[in-house]
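The values are calculated or read from the model by the stated rules, or taken from the named source; none is laboratory data. Keep in mind that what you see is a predicted model, and the values were worked out from it rather than measured. Heads up, the Cβs are rebuilt from the backbone with ideal geometry, glycines too, and the neighbour counts pull from every protein chain shown.
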């Protein structure tokens, strides 16, 4: 049990809450649009795919960044730098989850299996992007943003050209929403490591454009997130429950930017409220999205 807790901490399993609610929303939307019956086995396989993919990505990130983390006061207490988990054990954990992800994707349908290497490439390559580009945050956004589109594929097994039909538009917009939302809040999170990243020659939006510039980029991305939310609501003829969730989501984004300003006090608050605000944002929006579908 202690070993399980260590690896759950290694991959920050609680952060699954960022993408999973959006995937569930896309899954249920795909069921209703395709007029397919609920299939708990498909849902289980989809959830396992997400869990194994995220475990592989986060485990690999911790392994790839182990030397960097050891030098950063904020991250020096992580499992690999402190020796709680060895680099070899972490890499073995990644390998097991990669295999389990591919197997789970294959059990879903052929298209999911065919796309699994592409998903893994994006998920694993993110760990090295901070070495050469300030847009590493966008790669993280795409990594999580694949979840709603992946959920649609899990349900329909749609061939590539079918992904262009109208039924696929909403899951794709959900992916766009997650991409802009995650990219924006990851830029905010990176504000606290600006000095360290600059000293180590690492790349990030705050290093490249400064605190104010990075904050402006984050705000712009989150404006697009709200636009995605509004467009989705229009396309699905969202009822008052949907728009309640949309309003909560937008309000929490505004709250996040008020709290996490690029000032010393704002940076101190990031660590305390980052997960709480963003986790509640995804839960509230997805819950209202799902309820609106059931009650429409």
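In the range 130-141, the residues that are on the phi > 0 side of the Ramachandran plot and in a helix (DSSP H, G or I) form no Cβ pair under 7 Å with any partner that is surrounded by fewer than 19 Cβ atoms within 10 Å (Cβ to Cβ) and modelled with pLDDT of 95 or more, whether six or more places apart or across chains. Of all residues in the range 53-72, one or more are over 24 Å from the mean Cα position of the chain (by Cα) and touching a residue at least 40 places away in the same chain (Cβ under 8 Å).
Out of 234, 219, one residue alone is out of contact with any strand residue (DSSP E or B) (no Cβ under 8 Å at 6 or more places or on another chain), closer than 22 Å to residue 168 by Cβ and either surrounded by fewer than 14 Cβ atoms within 10 Å (Cβ to Cβ) or at pLDDT 95 or above (or both). It is 234. Residue check: residue 264 meets all listed conditions (1) in contact with a helix residue (DSSP H, G or I) (Cβ under 8 Å, 6 or more places away or on another chain); (2) free of Cβ contacts under 8 Å to residues at least 24 places away in the same chain; (3) over 12 Å from residue 222 (Cβ atoms) but one, namely (1). In the range 225-239, how many are assigned to a helix (DSSP H, G or I), farther than 21 Å from residue 279 by Cβ and in contact (Cβ under 8 Å) with a residue 24 or more places away in the chain? Looking only at that region, the number is 2. The residue list 292, 296 contains one member that is crowded, with 17+ Cβ neighbours inside 10 Å and under 21 Å from residue 242 (Cβ atoms), which is 292. With respect to (1) within 17 Å of the chain's Cα centre (by Cα); (2) buried (at least 19 other Cβ atoms within 10 Å of the Cβ); (3) at pLDDT 95 or above, the lone exception for residue 207 is condition (1). Within the range 246-279, the set of residues being exposed (fewer than 13 other Cβ atoms within 10 Å of the Cβ) and assigned to a loop (DSSP other than H, G, I, E, B) comprises 263 only.
The test for being over 18 Å from residue 31 (Cα atoms), modelled with pLDDT of 95 or more, out of contact with any strand residue (DSSP E or B) (no Cβ under 7 Å at 6 or more places or on another chain) and surrounded by 22 or more Cβ atoms within 10 Å (Cβ to Cβ) does not hold for residue 174.
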